[in-house]
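Quick notes on the structure that follows.
The values are calculated or read from the model by the stated rules, or taken from the named source; none is laboratory data. The shown structure was predicted, so the numbers you read here are calculated from the model rather than taken from an experiment. Positions of Cβ are backbone-derived with ideal geometry, glycine not excepted, and every protein chain shown enters the neighbour counts. Each accessible area value is taken on the protein alone, full model and side chains, heavy atoms only, with ligands, DNA and RNA left out. Shrake-Rupley method; radii C 1.70, N 1.55, O 1.52, S 1.80 Å.
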Amino acid sequence: MLKNHTKSGFTLVELVVIGTIILILAGVAITQGVSTQRSLRHRAAFDAAIGMIQEARTMAQTGEDTGDTAYGVAFVANSTPQQFVLFKNSYAANGSNNISTPYSLANYLTLDMGSCLSEATVAFSVPEATTQLTCDGVASSTPSMTVRLSLTGGGTRRFTIHRATGIPQVE
């Protein structure tokens, strides 16, 4: 008499198919994770720029007793990496007037200040916080300045600073 033997388990083909599906799902998850991380860093850099401008304006309004004449933020596009920094009195490329550590942008973020090729500054005089805009080291006569922060592969955040108010307006 012959006995009927059944084998349990998976065949090699089934294991290869399941492994392939798992690898595809892992690849999609990693890609989404990197994209999300870049978007979050984009948002964080944008929020940091707005925060520095607001901090400079507040320091100018309350800084009568410090002896400083102005507080501001410099956006520097001609450095590697691109960066922005909070300063007092006037912006100096050597960092001698920096109040904060420069916020360096990741290589997939791009800073654009319109017609300013290398640097743009927004400064507030002490104590009345009058807004001063400069473009490439020259006082700007324009009524406003727009700063764009772009994410490689899509997504741009921008804000405009109007000379009259000095308050960044998110667009």
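Take peptides 119-126, 159-166 and line them up by average Cβ neighbours within 10 Å, highest first, as a rough protection proxy.
Working: 119-126: 23.4, 159-166: 16.4.
Per-residue Cβ counts within 10 Å, averaged per peptide and sorted highest first, yield 119-126, 159-166.
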P(r) for the chain, please, calculated from all Cα pair distances in 5 Å bins and given in %. 1, 8, 15, 17, 15, 9, 6, 4, 4, 3, 3, 3, 3, 2, 2, 2, 1, 1, 1, 0, 0, 0
Once ligands and nucleic acids are excluded and a 1.4 Å probe is used, how much of Asp47 is accessible, expressed in Å² to the nearest 10? 70
Return the calculated 222 nm mean residue ellipticity for the chain, to the nearest 500 deg cm²/dmol, obtained by summing -39500 (n - 2.57) across DSSP H runs with n ≥ 4 and dividing by the residue count. -11000 deg cm²/dmol
If each K or R counts +1 and each D or E counts -1, the residues other than Gly51 whose Cβ falls under 14 Å of its Cβ total +1
Above 14 Å lies some portion of the pair distances; for the range 16-100, what is it as a whole percent of all C-alpha pairs? 73
The chain: relative contact order from alpha carbon pairs under 8 Å, six or more residues apart, as a whole percent, is 18
Can you work out the Karplus-derived ³J(HN,Hα) for every residue in the range 158-167? Use 6.51 cos²θ - 1.76 cosθ + 1.60 with θ = phi - 60°, whole Hz, and x for glycine or proline. 9, 9, 10, 10, 8, 4, 5, 10, x, 9
Using the alpha-carbon atoms, what tilt in degrees (0 to 90, nearest 10) does helix 12-62 show relative to the longest principal axis of the chain? 10
What nm value, rounded to one decimal, do you get for the distance between Ser118 and Arg41 when each label is placed 7 Å out toward the C-beta? 2.7
Accessible solvent surface per residue of the chain, calculated while the other protein chains remain in place, 1.4 angstrom probe, Å²: 61
Count the net charge of all other residues whose Cβ sits under 15 Å from the Cβ of Ser150, scoring Lys and Arg as +1 and Asp and Glu as -1. +4
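Report the net charge of residues surrounding Arg41, where surrounding means a beta-carbon distance below 14 angstrom and charges are Lys +1, Arg +1, Asp -1, Glu -1. Let's see the in-between values first.
On the way: positive: Arg38, Arg43, Arg157; negative: Asp47.
Result for the local shell: +2.
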Largest-first ranking of Arg38, Arg148 by accessible area, probe 1.4 Å, whole protein assembly kept, is Arg38, Arg148
So, in nm, how far is label Asp136 from label Asn89 when the simple model puts each one 7 Å beyond its Cα toward the Cβ? 2.7
Quick one: give the max-minus-min coordinate of the C-alpha atoms of the range 102-171 along each principal axis, largest first, in Å. 40, 24, 22
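Pulled fully out, how much extra length does the chain show between Ile22 and Thr101, if you take 0.36 nm times their separation in residues and subtract their Cα-Cα distance?
On the way: separation 79, 0.36 × 79 = 28.44 nm, distance 4.34 nm.
The span from Ile22 to Thr101 would gain 24.1 nm if fully extended.
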